[in-house]
1. Go through the residues of the range 78-100 one by one and say whether even a single one is part of a strand (DSSP E or B), of a type outside the set (D, E) and either in contact with a strand residue (DSSP E or B) (Cβ under 8 Å, 6 or more places away or on another chain) or not assigned by TED's automatic domain parsing to the domain that holds M41 (or both).
2. Surrounded by 13 or more Cβ atoms within 10 Å (Cβ to Cβ), on the phi > 0 side of the Ramachandran plot and not hydrophobic (A, V, I, L, M, F, W, C), is that true of D59?
3. Which of the numbered conditions does K9 fail, given that it passes all the others? Conditions: (1) at pLDDT 95 or above; (2) surrounded by 10 or more Cβ atoms within 10 Å (Cβ to Cβ).
4. Report, by residue number, each residue of the range 35-56 that is exposed (fewer than 13 other Cβ atoms within 10 Å of the Cβ), free of Cβ contacts under 8 Å to residues at least 60 places away in the same chain and within 19 Å of K140 (Cα to Cα).
5. How many residues are over 18 Å from I135 (Cβ atoms) and surrounded by 13 or more Cβ atoms within 10 Å (Cβ to Cβ) if we restrict to the range 84-110?
6. For the range 101-130, what are the residues that are on the phi < 0 side of the Ramachandran plot, in a loop (DSSP other than H, G, I, E, B) and polar (S, T, N, Q)?
7. Output yes when any residue across the range 67-76 is within 22 Å of K140 (Cα to Cα), surrounded by 11 or more Cβ atoms within 10 Å (Cβ to Cβ) and among the small types (G, A, S), and no when none is.
8. Name every residue in the range 49-75 that is more than 22 Å from V122 (Cα to Cα) and part of a helix (DSSP H, G or I), in order of residue number.
Amino acid sequence: MAKGKKQEKIDEEKVLLKNQLARALADYDNLRKRVESEKLMWEVEAESRAVQKLLPVLDMIEDAQTHLKDSGLAIVIGEFKRSLSELDVEEIKASPGDEFNPLEEEVIEIVSGGVNNKISEVIKTGWKIKGESFIIRPAKVKVFGKNK
């Protein structure tokens, strides 16, 4: 009978060790997933910081193009925007007449006339990560409303 109890004890220890191993493997898998997620988050953060530093340059080139109407500048702007697209960065589509979206746009002025909460003018283009809610720079807009 001693052999039977010994075998039961061995079987219990096997089950205990199997459970501990399964928990350890699950913990490791969760850690791996969390590290991968954090790595991706840091990559997006680093890229967005670099893009934030470059956007004022694009703004200046576009302002110059508005006045000069130069075909060379048009090519540079196109290439700049293509490079941003390759980094999964896209323009925030805001146009006069659109409903104001506080998640992607920032009101810099409230103007009278027009329909309340509609965009009257886009002052500066906004940018975000494609398919994400990560805003690099909100669009700067003027919105119709009641001045107080």
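The values are calculated or read from the model by the stated rules, or taken from the named source; none is laboratory data. Computed from a predicted model, the values in this text were never measured in an experiment. Glycine also receives a Cβ, built like all others from the backbone with ideal geometry; neighbour counts cover every protein chain displayed.
1. Within the range 78-100, one or more residues are part of a strand (DSSP E or B), of a type outside the set (D, E) and either in contact with a strand residue (DSSP E or B) (Cβ under 8 Å, 6 or more places away or on another chain) or not assigned by TED's automatic domain parsing to the domain that holds M41 (or both).
2. So D59 does not fit the description; no.
3. So the condition that K9 fails would be (1).
4. The answer is R49, K53, P56.
5. Of the residues in that region, 3 qualify.
6. Scanning the range 101-130 gives N101, S112, N116, T125.
7. No, the range 67-76 contains no residue that is within 22 Å of K140 (Cα to Cα), surrounded by 11 or more Cβ atoms within 10 Å (Cβ to Cβ) and among the small types (G, A, S).
8. R49, A50, S71, G72, I75
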